[in-house]
Amino acid sequence: MEKLFTIFRVSERTVQLGDVIPRPASVRPVADATFPIVSGTAVSAPPELERVAAHLGLPRAADGAIRLTLDRELPAEGYRLEITADGVTLAGGAPAGVFWGVQTLRQLGPVLPGGVIEDRPRYPYRGAMLDLARHFFTPDEVKAHIDLLVQFKINHLHLHLTDDQGWRLEIPGWPRLTEVGGGPGTGVDGAGPGFLTCAEYADLVAWAADRFVTVVPEIDMPGHVNAVQVAYPELTADGQPVAPRTDAEVGYSSLVAGKEETYAFVEAVLKTVADLTPGPYLHIGGDECMATPPGDYRAFLERVLPIPAAHGKSVIGWHEIAAVDLPENAIVQFWRIEESDEAVARAAASGRRVIVSPADRTYLDMKYDAGSPLGLDWAGHLTVERAYDWDPAERLPGVGEEAILGVEAPLWSETLRSVDDVRYLTFPRLPAVAEVAWSPRGGRDWASFRERLAAFGPRWTAAGINFHRAPEIDWH
């Protein structure tokens, strides 16, 4: 219990039932009814919820005061939390729903205010992306990052595993990808070497799954491949070696659409990644292919887009892929700052789902302001309020609520060198994007959010989490 609830004792502020992020769909408080979690408070749970109960860190008992249960009439990720003076009942439509209810308990505890919360997510895909290619982070560092993300009901972790500056996943039969592409001197400024073995990746995926997080691996192509071509010059246009790149430029590298060696390589890589990844998605990038002629880009995608489906996966690509005819299950991820995109709108009209990640609202690598010591500014400055005050269904003409699979907050790592850097750019903006993705359209307002967010300042400080003290928040 100490590990789970200690950080909530740093403030004497009275916690109200709705003081959680993301904001729940329905909150019905009951005055003068609280339930304190004390030493010896026990949890009861059926066998199918044992792994969820373990995340509470409390003792088990057949008649525990905190009761976890399933109610199949609720949505799979939905939950109902009832708190009385006598105890707590937490029901979910599936184990995932109970787990998200546990995150609400964690934010409310250890003295739980009485009442009923009924909650469900707006979108099924609520994602964060971490770029391991420009700077590598170890499995333990990624695991710690996941543990922070799930507090805000993030359920997808998109790992950007390959780029011009590095290759971060072992591929059997292609050893130089990681020997060279993950070796010393890789990463932006040569400051981010390292890679995941197959075993480490599988362990990381399992760690995430235990927290109901789906890992979405990205192998970026046909651009962003300089690290590939350094390792295997036969994949260049002329078969000649290319120089390693550790700058942050983009758009200069490309696989060769007219060489069969290209597709043998792509098939081997995507099959390996699919076999290692139990989740439903494979991300194939497809962005910033300025070095790929338009005809070659189309030819490449016509060959590559069906490969994930052949291995039981749905393909995701950055929204440039919408320029071609997409497979039926393809998902388009919009990332630019433009106010509209005709190709994405056409994809949505044809039934393709869209992940919404506009850089001017969700890119966590953007600077907070001109004085930010980390980050980029090509999409402008991203304050907490700007990350919060927008609506996915109103962002792109022709891409309405029914077309949106979800929302994702990418964090590119050109300026990152440590876990503290990751946390500084992630918090407090990630909770803002998480509420956009989870809470009902009409249930959000900035004044309420900034007050709820302020309560996390002492919690993050007590936990040693480096975060940006955004001036628009009155930190407690």
| request: Identify which of the listed values of percent of Cα pairs over 40 Å apart was calculated from the structure shown: (i) 33; (ii) 21; (iii) 18. | output: (ii)
| query | At residue 299 and residue 144, where each label point lies 7 Å from the Cα along Cα→Cβ, what is the point-to-point distance in nanometres? | reply | 4.8 nm
| remark: Percent antiparallel among DSSP beta bridges confined to the chain, rounded to 5, stands at 35 percent
| message | How big is the dipole moment of region 293-432 about its Cα centre under a simple scheme where the beta carbon of each Lys and Arg is +1, that of each Asp and Glu is -1, and everything else is neutral? Debye, nearest 20, please. | response | 420 debye
| task | Order the peptides 173-180, 450-457 from the highest to the lowest mean number of other Cβ atoms within 10 Å of their residues. | result | 450-457, 173-180
| Percentage of Cα-Cα pair distances in region 285-411 greater than 24 Å, rounded to whole percent? | 33 percent
| Nearest-0.05 FRET efficiency for residue 243 and residue 447, computed from C-beta distance (R0 51 Å) | 0.45
| Relative contact order (percent) for the chain, with alpha-carbon contacts under 8 angstrom and 6 or more residues of separation? | 14 percent
| task | Quick one: which residues, 5+ away or cross-chain, put their amide H under 5 Å from the amide H of residue 253? H built at 1.01 Å from N. | result | 224, 225, 291
| Å² per residue, accessible surface of the chain at 1.4 Å | 36 Å²
| said: If you roll a 1.4 angstrom probe over the protein chains with everything in place, what fraction of the accessible area of region 373-443 belongs to carbon and sulfur, to the nearest %? | reply: 50 percent
| field | Cα radius of gyration and Dmax for region 200-337 (Å) | value | 15.2, 46
| 5 angstrom amide H check on residue 196, placed H, neighbours 5+ away | 169, 170
| Within the accessible area of region 121-212, what % is carbon and sulfur when the probe is 1.4 Å and the other protein chains stay in place? | 58 percent
| remark: Carbon and sulfur atoms account, in whole percent of the 1.4 Å probe accessible area of region 216-269, for 55 percent
| field | Of 190, 455, 243, farthest towards positive along the dipole that unit charges on Lys, Arg, Asp, Glu beta carbons give the chain | value | 455
| According to the Cα gyration tensor, what semi-axes, each the square root of 5 times an eigenvalue, does the equivalent ellipsoid of region 10-142 have, listed from largest to smallest in whole Å? | 26, 18, 17
| What does the highest-first list of 416-427, 462-473, 305-316 look like by mean Cβ count within 10 Å? | 416-427, 305-316, 462-473
| field | Spatial extent of region 110-265: Rg and Dmax, with the Cα atoms as the point set, Å | value | 18.7, 70
| task | Quick one: check the C-alpha center-to-center distance for region 208-245 versus region 297-341, whole angstrom. | result | 17 Å
| If amide H atoms are built 1.01 Å from N in the plane of the peptide, which residues on other chains or at least 5 residues away come under 5 Å of the amide H of residue 33? | 114
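The values are calculated or read from the model by the stated rules, or taken from the named source; none is laboratory data. Every value quoted in this text rests on a predicted model; they were computed, and no experiment measured them. Cβ sites come from the backbone with ideal geometry, for glycine too, and all protein chains shown count toward neighbours. In case anyone asks, the SASA skips ligands and DNA or RNA and just uses the protein heavy atoms, side chains included. Shrake-Rupley method; radii C 1.70, N 1.55, O 1.52, S 1.80 Å.
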